[in-house]
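Every read-out reported here was derived from the displayed coordinates using simple, explicitly stated rules and does not represent laboratory data. Please read all numbers here as calculations on a predicted model, not as lab measurements. Don't worry about glycine lacking a Cβ; one is built from the backbone with ideal geometry, like all the others, and counts go over all protein chains shown.
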Amino acid sequence: MSEKESIELLRKGLTYARRTRFREAIIYYKKGITLNPKNPEGWFLMASALIETGNYTEALAYCEKAIELNPHYSDAWSKKGLALYHLERFEESLFACMRATTLNANDATAWYIKGVCLDELGKTEEAQDAYGKSLELEIIIDIEAEKKKVGR
Amino acid sequence: MKADMPLSKPIRLLISKTEEILDTEITLRRDPDAESGGTLIDVYTYNLEKNVIIFPAHYIGLLKDFIIAKHCTHLLIKGAAAKESKYLILSFDQDSVSRALRQIYTDTLKDEAKKEKKLPVEKLIQMLFILYQHFHDDLNEVPWNPIVNASVYSRMPKIRKTQLYHVMKESKADMDEMMEQENIIPRRYFVLDKAMFYARDMFLAKTLPADELKPVINIPQMKKFNHLEVKEMLTTRWTHTAWYQSKVFGDNMLEILVRNLDPIDWSKEPDIESCNKIYSTGVNLTNDLISYMSMKDWFTWESPKHLREADKVKGEYEKTALKKIFGDLVTDLLENAK
């Protein structure tokens, strides 16, 4: 019962997050996590909302919890990379993004942050490769978005 | 800078350099409904406290970086002109609207006379101001596009592939404009519209450089004009098609672009002085294009505030201009058209 309720609360939170109402989203995510702390998605969603509101340290803790529950959770690794990037911990961010791209080679954000971190660490050539991969994926996303727009 | 998103090093440097030169602040904002080319809302054009660059929410990496680079570059040019109190944009007033609408009406009549299927008179009247506004918007934007792109290409080598993707996408979208109205609007305006974009794309194809950007390669309707001798072109039925005419006019506009833009040293580190020179070049280029298109008395160079005010009363301008052409009859027609 609480599992179902938890999912419902997370869904509600996500609806708010999509409308960039992150404060409301966080309230629902917190309730969802309390009802079912074993669901890594709750921790991940919370981390995403915290990043959007600029709470990077807190977001990092939520990412780590999501990864602890599911070490193969590629989105959580990607989000961890993003949080670490914002905290200017570029080497750790790079590691997290490498993990994310290994688990999901189609994660454009992770490839981009990887490029940014490599650039920051002075590894320009490697950065270009990561940017190149990120651009390829972004173009696919963009073409899909344009198709949706036309279909609207 | 206010940004809560990852940004590549060159972009961060560009933003802080722009802010430093202009002594202003730039905010970045994602918006799911943003234009694919992004939008710059700047303090020099709008009555705001800070500059905002808006881009589609799904631009997460280099696509976003290019949009930022493009708008920062344009902001630098506008800001430099504003600092020297010479930032003006194309605006309009009652007289310029009246002159333009009369001209468009005359050209429309010439075209309509040759058509089998005539345009209903209400639609024809409505089209006049729509067409005028279309050229007003385009002439306030199109001449700055090759300037901004040439500058970004020179200053931001790491995002050149992204730039090419964007420019190709933009080119296709612009060439698609007015397609549904091809048989409605006077040929002359369809051709001038396409010619402007043709010239811009040809200039960028040379500047980037990227052959695939040439309209004779990128735009399906123009492909048949690639690798044709002038003599061959002149002796075929193509001379009568709008797309062939767009190419001819476009080649002349390209010469105007090259003449104005070739002397600029794009690699020069930007400062107020160099950006001011670029702004003046942009104004001259716009004026040359307007002259070539015989629209010299259609617009006036004014402050952005003037344009904001003009926008508020454009409906009145339109009505008065139409009355000058059609007399009181137009009031009934406009009412009927609603």
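Observations on the model:
- The mean number of partner chain beta-carbon atoms within 10 angstrom of a residue's beta-carbon across peptide A:130-139 is 5.
- Footprinting exposure proxy for A:CYS97, B:CYS72 (fewest neighbouring C-beta atoms within 10 Å first): B:CYS72, A:CYS97
- Remark: C-alpha extents of the range B:119-162 on the principal axes read 53, 17, 8 Å, sorted largest to smallest.
- Stokes-Einstein diffusion coefficient of the range A:31-98, Kirkwood radius over Cα pairs, 4 °C, 1.567 mPa s, in µm²/s: 113
- Considering only beta bridges that DSSP places wholly inside chain B, some 45 percent are antiparallel.
- Per-peptide packing, taken as the mean over residues of other Cβ atoms within 10 Å, places A:39-45, B:213-219, B:79-85 in the sequence A:39-45, B:213-219, B:79-85 from highest down.
- Taking only the alpha carbons of the protein assembly as shown, we obtain Rg and Dmax values of 26.2, 81 Å in that order.
- Given A:LYS133/B:LYS169; A:LYS148/B:LYS172; B:LYS9/B:LYS169; B:LYS115/B:LYS247; A:LYS149/B:LYS17, the pairs whose alpha carbons are separated by over 28 Å: A:LYS149/B:LYS17
- Helix-derived mean residue ellipticity, 222 nm - over chain A, DSSP H n ≥ 4, -39500 (n - 2.57), to 500: -27500 deg cm²/dmol
- P(r) tail for the range A:59-108: Cα pairs beyond 17 Å make up 23% of the total.
- Least to most buried among A:ARG99, B:ARG187, B:ARG160 (fewest other Cβ within 10 Å first): B:ARG160, B:ARG187, A:ARG99
- Rg/Rg_globular for the range A:1-148, with Rg_globular taken as 2.2 N^0.38 Å and Rg from C-alpha atoms: 1.09
- Neighbour-count order for B:HIS306, B:HIS58, fewest beta carbons within 10 angstrom listed first: B:HIS306, B:HIS58
- When the Cα gyration tensor is reduced to axis lengths a ≥ b ≥ c, the ratio a/c is 1.5 or higher for chain B, and with a/b not above b/c it is classed as oblate.
- Of the three principal axes defined by the Cα atoms of the range B:9-83, the extents in descending order read 34, 28, 16 Å.
- Over chain B, dividing the summed -39,500 (n - 2.57) contributions of all DSSP H runs of at least 4 residues by the number of residues returns a 222 nm mean residue ellipticity of -20000 deg cm²/dmol.
- Measuring nothing but how far apart in sequence close Cα pairs (under 8 Å, 6+ apart) lie, relative to its length, chain A scores a relative contact order of 13 percent.
- Centre-to-centre separation between the Cα atoms of the range A:75-152 and those of the range B:237-303: 39 Å.
- Share of alpha-carbon pairs per 5 Å distance bin for the range B:140-201, given as whole %: 3, 16, 24, 21, 15, 10, 6, 4, 1
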